[in-house]
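Presented below is the structure to which this report refers.
The values are calculated or read from the model by the stated rules, or taken from the named source; none is laboratory data. Given the structure is predicted, the values throughout are model-derived calculations rather than measurements. Ideal geometry is used to build each Cβ from the backbone, glycine not excepted, and the neighbour counts take in all protein chains shown. These accessible areas exclude ligands, DNA and RNA; they are computed on the full protein's heavy atoms, side chains included. Shrake-Rupley method; radii C 1.70, N 1.55, O 1.52, S 1.80 Å.
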Amino acid sequence: MKRNSDKKLSSWGETWSVSARLVGMLYTQRPGILVSRLLKSLWGSLTPYAGILLSAMIIEELAGSRDPGKLLFLVLVSLSSAALISLTGALIDRFYNIENADYFYYVRKMLGDKMMDMDFCIEDETETRNHLSTILQNTNGGGWGMHKFFYLLDRMLSDLFTLLGGIALTVTLFTSRVPDSAVDMAFLNSPLFLLLILAVMLAVIIVSPMLSNKAESYFALNSNVHNLGNRLFGHYGFLGHFNENAADMRMYRQDILCWKYSSDKESTFQSKGYFSKLARGPVGFYAAASSAVSVLLTGAIYVFVCLKAWAGAFGVGMMTQYISSIIRFTQGLSSLITDTGQLRINNSFVKYIFDFLDKPNVMYLGSMTVEKRNDRQYEVEFRDVSFRYPGSEQYALRHVNRKFHVGQRLAVVGPNGSGKTTFIKLLCRLYDPTEGVILLNGFDIRKYNYQEYLSLFSMVFQDFALPTLPLGENVAASAGYDRELAKSCLVKAGFGARLEELPDGLDTYITKNLEPEGVDMSGGERQKIALARALYKDSPFIVLDEPTAALDPMAEAEIYSKFNEIIEDKTAIYISHRLSSCKFCDEILVFDKGNIIQQGSHENLVADSEGKYYELWHAQAQYYDPEQTA
């Protein structure tokens, strides 16, 4: 891993441009978030000055005429304002918390929506997956990106309002004059001296955050190292937390392997790691220097205010007001400079998110309506179709020609890497052909409305996903669904007996992750649920990728015996490595090296002793029928 990243800070122009775009996007989509942040910052920054002003007036009165009536009035005003400030602040906090409660999920949903809207051929690229993973690592590891931006926005708004309040209460510090009688302190009235004091204060205020930002920049500019360390920790540090890993962890003592990576003193976050070296070196130096400069500034403020008070420019009450106000003012200005610098450091991470959100789609999304036929008479034709994956010189499919109709049972078989899955991806238009054309009822499928075309297919992928939700919602892929239809589909998929045993029927959660009363399903049971989900969608084409791989022989035999009943009048395309399961299909396509090298019924193909199907069939049959070993 490269230690010193070649990442550079964004320009100020780019920083403000990206920031404005992000604020505009949030204002359009979730204006309540921005309004609540503005109110919270305004109220939280300005109200402390009310306490400072009233406290100074009370002290001034105590040090002066000590009028009981005036003191009582000031105390009552102080208590009343404190109560009002507290009550209003609580209401603003409630508004803020309501609007921002789901902000984390809002950002994640934004990324998720982009993944769903993205062309599958782009989503499927390793580069895209790495891009998304890096965004999440930036957020989880260093807190960079959108979350950091809105944290800084809160602070910068507070800084700005703090500055305005501080200016209002400290301007008279510089205009109040030392009496002529204090000859030795007359220089405090000199405009040149006041300008010098202001210049020194501003210089120190600017230097301190600059040093702090310099220290922080080392972490941001080396985020690649940080993210790698965080990913390693996230993997090896929590590997033993998952039930599915428990058996392997025990049998092979993988905890020892994990400990090796967790205890390496030279790893990213350990005592001899890269960031420890930075902390002992430049990061520690700049951070310490920033704190030292800040302390010197505070001391200078006390000296200046006390000298003017000692010289008689104002009383002790005003001295309290000035010291409190000017410290808040300097802290606000210093913080504003720090946060502005942090905004620039963070900008490259926000821009990286926009680069992801701005990824353009490349597939043509047609507009032609897919004909809704009651007889489901659809014809699909592959006409001289060839395909190679982006960045690859090798063709995954080559000159495929095939036509099939609704109602057929089609099996797709062949060795690993022969093009079976690519054939299905093209059929479902997850990818477009590199050469040739795929037709639906005589029209190029690219001319059809994309979502309507997808609705023609139900898929059971080999690596399917079932959310941790109730059984019925999984079958319907929806929170609102037809319960009787869901039950019927589960029964057809061979899940009927298990459904009767479940404590809450369709409302049973399929794991215990979200609901302690949920039921952990076996691999075979999950596969039946996935099949039921495909049936519930009721599309004219159903594609099954190893749909019985996790089923026991009895359950598999049950599915095959009822296959025609399950599929009904749909076209079924069945991908399998178990050739014995293809016998019920009308036709079998044999793929090898991206080509369809054989096609026909099981009986015809197994009779061809020179064919690939014959070779594959007998390679498997010998383990079941001793007579085949000859």
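Please verify whether Ala493 is open to solvent by 60 Å² or more (accessible area, probe 1.4 Å) and aliphatic (A, V, I, L, M), treating the condition exactly as stated.
no
Output the residue which, of all residues in the range 393-408 that are modelled with pLDDT of 85 or more and open to solvent by less than 40 Å² (accessible area, probe 1.4 Å), is nearest to the chain's Cα centre (by Cα).
Restricting to residues being modelled with pLDDT of 85 or more and open to solvent by less than 40 Å² (accessible area, probe 1.4 Å), the top hit is Ala396.
Out of the range 409-440, which residues are part of a loop (DSSP other than H, G, I, E, B) and open to solvent by 50 Å² or more (accessible area, probe 1.4 Å)?
Across the range 409-440, the qualifying residues are Asn416, Gly417, Thr434.
Hey, can you tell me all the residues within the range 313-326 that are assigned to a helix (DSSP H, G or I) and open to solvent by less than 30 Å² (accessible area, probe 1.4 Å)?
Gly317, Gln321, Tyr322, Ile323, Ser325, Ile326
If I go through the range 18-32 residue by residue, how many of them are surrounded by fewer than 18 Cβ atoms within 10 Å (Cβ to Cβ) and of a type in the set (A, V, I, L, M, F, W, C)?
The qualifying residues number 3.
Restrict the check to the range 455-464 and report whether at least one residue is out of contact with any strand residue (DSSP E or B) (no Cβ under 9 Å at 6 or more places or on another chain), farther than 20 Å from Ile567 by Cα and at pLDDT below 90.
no
Could you check, for the range 398-408, whether at least one of its residues is in a loop (DSSP other than H, G, I, E, B), among the β-branched types (Val, Ile, Thr) and touching a Pro at 6+ places or on another chain (Cβ under 9 Å)?
Within the range 398-408, one or more residues are in a loop (DSSP other than H, G, I, E, B), among the β-branched types (Val, Ile, Thr) and touching a Pro at 6+ places or on another chain (Cβ under 9 Å).
Do you know which residues across the range 172-190 are open to solvent by less than 40 Å² (accessible area, probe 1.4 Å) and in contact with a Gly (Cβ under 6 Å, 6 or more places away or on another chain)?
Across the range 172-190, the qualifying residue is only Ala182.
Could you list, ordered by first residue, the pairs with Cβ atoms under 8 Å in which the first is in the range 396-422 and over 20 Å from Lys583 (Cα atoms) and free of Cβ contacts under 8 Å to residues at least 40 places away in the same chain and the second is open to solvent by 50 Å² or more (accessible area, probe 1.4 Å) and part of a strand (DSSP E or B), at least 6 apart or interchain?
Lys403/Glu379
Under 7 Å between Cβ atoms, which residue pairs at least 6 apart in sequence (or on different chains) link something in the range 63-74 that is without any contact (Cβ under 8 Å) to a residue 24 or more places away in the chain with a partner that is surrounded by 10 or more Cβ atoms within 10 Å (Cβ to Cβ)?
Here the result reads Asp67/Glu61; Lys70/Glu61; Leu71/Ile58; Leu71/Glu61; Leu74/Leu54; Leu74/Met57; Leu74/Ile58; Leu74/Glu61, each pair linking the range 63-74 to a residue that is surrounded by 10 or more Cβ atoms within 10 Å (Cβ to Cβ).
Tell me the residue from Leu38, Leu71, Leu54, Leu42 that is in contact with a helix residue (DSSP H, G or I) (Cβ under 7 Å, 6 or more places away or on another chain), surrounded by 11 or more Cβ atoms within 10 Å (Cβ to Cβ) and closer than 20 Å to Phe104 by Cα, please.
Of the residues listed, the single one that is in contact with a helix residue (DSSP H, G or I) (Cβ under 7 Å, 6 or more places away or on another chain), surrounded by 11 or more Cβ atoms within 10 Å (Cβ to Cβ) and closer than 20 Å to Phe104 by Cα is Leu38.
Starting from residues that are surrounded by 15 or more Cβ atoms within 10 Å (Cβ to Cβ) and outside any helix (DSSP H, G or I), keep the ones in the range 127-171 and report whichever is nearest to the chain's Cα centre (by Cα).
Here the residue is Gly145.
Need pairs with beta-carbon distance below 6 Å; first residue farther than 15 Å from Leu38 by Cβ and within the range 82-107, second surrounded by 11 or more Cβ atoms within 10 Å (Cβ to Cβ); sequence gap 6+ or separate chains.
Going by the 6 Å Cβ cut-off, the qualifying pairs are Ile85/Thr47; Val107/Met146.
Which members of the range 113-126 meet the condition of being part of a helix (DSSP H, G or I) and either open to solvent by 30 Å² or more (accessible area, probe 1.4 Å) or in contact with a helix residue (DSSP H, G or I) (Cβ under 7 Å, 6 or more places away or on another chain) (or both)?
Asp113, Lys114, Met115, Met116, Asp117, Phe120, Ile122, Glu123, Thr126
Look through Ser81, Ser41 and report the one residue that is touching a Leu at 6+ places or on another chain (Cβ under 8 Å), within 17 Å of Ser324 (Cβ to Cβ) and part of a helix (DSSP H, G or I).
Within the list Ser81, Ser41, the selection yields Ser81.
Just to be sure I understand, how many residues within the range 345-370 are open to solvent by 10 Å² or more (accessible area, probe 1.4 Å) and part of a loop (DSSP other than H, G, I, E, B)?
The qualifying residues number 10.
Out of the residues in the range 527-547 that are of a type in the set (Lys, Arg) and at pLDDT 90 or above, which is least open to solvent (accessible area, probe 1.4 Å)?
Arg533
Let's see how each residue does on (1) within 25 Å of Trp144 (Cα to Cα); (2) surrounded by fewer than 17 Cβ atoms within 10 Å (Cβ to Cβ); (3) modelled with pLDDT of 75 or more:
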{"residue": "Tyr218", "(1), (2), (3)": "yes, no, no"}
{"residue": "Gly237", "(1), (2), (3)": "yes, yes, no"}
{"residue": "Ala246", "(1), (2), (3)": "no, yes, no"}
{"residue": "Trp259", "(1), (2), (3)": "no, yes, no"}
{"residue": "Ser263", "(1), (2), (3)": "no, yes, no"}
{"residue": "Ser267", "(1), (2), (3)": "yes, no, no"}
{"residue": "Pro282", "(1), (2), (3)": "yes, yes, yes"}
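Pick out the one residue from Ser561, Ser522, Ser580, Ser601 that is under 30 Å from Glu435 (Cα atoms) and either at pLDDT below 80 or surrounded by fewer than 18 Cβ atoms within 10 Å (Cβ to Cβ) (or both).
It is Ser601.
Does the range 441-455 contain any residue that is open to solvent by less than 30 Å² (accessible area, probe 1.4 Å), among the polar types (S, T, N, Q) and under 22 Å from Ala572 (Cβ atoms)?
No, the range 441-455 contains no residue that is open to solvent by less than 30 Å² (accessible area, probe 1.4 Å), among the polar types (S, T, N, Q) and under 22 Å from Ala572 (Cβ atoms).
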